[in-house]
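The values are calculated or read from the model by the stated rules, or taken from the named source; none is laboratory data. Small disclaimer: the values here were computed from a predicted structure and weren't measured. All Cβ positions, glycine included, derive from the backbone under ideal geometry; neighbour counts span all protein chains shown.
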Amino acid sequence: MIEEERKTFFKSIFEKPWEQVQSLKDNDHDGKLFSISGSRLALKTIIAVSSVIFSLFVVAYSDRMMAHDWMKMPEPWLLWINTAVLVLNSIYFHKAKVAADNNNYNQIKKNLFIVGFLGYSFLIGQLIVWYQLMQLDYFAGTNVANAFFYLLTSLHGLHLLGGLLFWGKTTSKLFKTDYEISKLQHRIELCAVYWHFLLAVWFVLFGLMLFT
């Protein structure tokens, strides 16, 4: 009896539990560590990083505007129209997602084309706003407020260009006869989420510039 206890004691001392863990099989899943897809994880990462970047600029903007040399810029009426265009863009992306869920090819195509038109219209509208301000001698180097306006709108525009790039890749799938509706639904859903994010960011930026 004592001999058996001694063997058990020494056996427990020299055990390698990490080897046992590696040999265990987990039957609760099929080997995937996450239930989230790679593209969805990438989108969440992009949104998280972009949120941090925009937040830092918003904090810098709020802090810098307290200085004595801060001069408020005019508020071009076209900015309101551009905001409405971006809202419509987000709405039509949602409609495209609903159409994809219902396997309505014609509605998917129609809504995605409208999304692209509105997206480029927003960017063109922003460039026109820049032109109007420059015509009034509101250049980036004239005042810190001007520099922040051009910086924030440029940063938002670049993010929107990235969204249009993925919109183009998604829309191109509609012209392939062998496209999978499930993958198309997934792509449209991710694009729609990103577009809603850009709309939320624009609301924050536009509101900040409007009321300060």
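Observations on the structure shown:
- Residue that is farthest from TRP195 (Cα to Cα) [pool: residues in the range 61-71 that are of a type outside the set (D, E, K, R) and surrounded by 13 or more Cβ atoms within 10 Å (Cβ to Cβ)]: TRP70
- Every condition in (1) surrounded by fewer than 16 Cβ atoms within 10 Å (Cβ to Cβ); (2) at pLDDT 95 or above; (3) of a type in the set (Val, Ile, Thr); (4) farther than 16 Å from THR83 by Cβ is met by THR142 except one, and the failing one is (2).
- Any hit, the range 173-180, residues being out of contact with any helix residue (DSSP H, G or I) (no Cβ under 6 Å at 6 or more places or on another chain), over 24 Å from MET66 (Cβ atoms), assigned to a helix (DSSP H, G or I) and β-branched (Val, Ile, Thr): no
- The numbered conditions (1) at pLDDT below 95; (2) surrounded by fewer than 17 Cβ atoms within 10 Å (Cβ to Cβ); (3) under 20 Å from the mean Cα position of the chain (by Cα); (4) aromatic (Phe, Trp, Tyr) are all true for PHE93 except (2).
- Matching residues in the range 145-162 - criterion: being more than 12 Å from VAL129 (Cβ to Cβ) and over 18 Å from the mean Cα position of the chain (by Cα): ALA145, ASN146, ALA147, PHE148, LEU151
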